[in-house]
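Step one of this worksheet: look at the structure below.
The values are calculated or read from the model by the stated rules, or taken from the named source; none is laboratory data. Remember, predicted model here, so these are calculated numbers, not experimental data. Positions of Cβ are generated from backbone atoms using ideal geometry, with glycine treated the same way; all protein chains shown enter the neighbour counts. The protein model used for the area step is the full one, side chains on, heavy atoms only, and it has no ligands, DNA or RNA in it. Shrake-Rupley method; radii C 1.70, N 1.55, O 1.52, S 1.80 Å.
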Amino acid sequence: MWNRKESPLRIEKRFEFDDYQKISKFMRSIDELCKKKSIYPNVSFGKNFASLTVFIDGEEISASENDFSKKIDEIFEQI
């Protein structure tokens with residue numbers, strides 16, 4: 001589940017991995033999705049995790065941003 005944060009409005013999620021190769025595959029897939037959706041989250045990662053933060057431009061999370069977060073979850077589950 002993505003966490004909703006205020007001031008500024010954003011959604012965040014941390015993904016945990018068994019090994020670094022899975023993080024690399026995840027990041028490549030995220031890159032493709034970002035280009036398709038024109039949504040570019042802030043990303044940080046380490047040896048066994050990747051954290052994504054999507055800052056929301058408007059007053060509410062849009063359908064596009066909701067779809068983006070669901071697609072990222074699907075990518076994670078496939079890795």
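Count of region 3-19 residues, restricted to those that are more than 16 Å from I61 (Cβ to Cβ) and in contact with a strand residue (DSSP E or B) (Cβ under 9 Å, 6 or more places away or on another chain), is 4.
May I ask you to list the residues in region 59-73 that are polar (S, T, N, Q) and touching a helix residue (DSSP H, G or I) at 6+ places or on another chain (Cβ under 8 Å)? Once the filter is applied, which keeps residues that are polar (S, T, N, Q) and touching a helix residue (DSSP H, G or I) at 6+ places or on another chain (Cβ under 8 Å), region 59-73 yields only S64. Sub-8 Å Cβ pairs linking a first residue in region 31-45 that is over 15 Å from S62 (Cα atoms) to a second residue that is open to solvent by 60 Å² or more (accessible area, probe 1.4 Å) and modelled with pLDDT of 95 or more, at least 6 apart or interchain, are L33/K71; C34/Y40; N42/F55, ordered by first then second residue. For region 46-70, a residue qualifies if it is under 17 Å from R14 (Cβ atoms) and either among the acidic types (D, E) or in contact (Cβ under 8 Å) with a residue 12 or more places away in the chain (or both), and the qualifying residues are K47, N48, F49, A50, S51, L52, T53, V54, F55, F68, S69.
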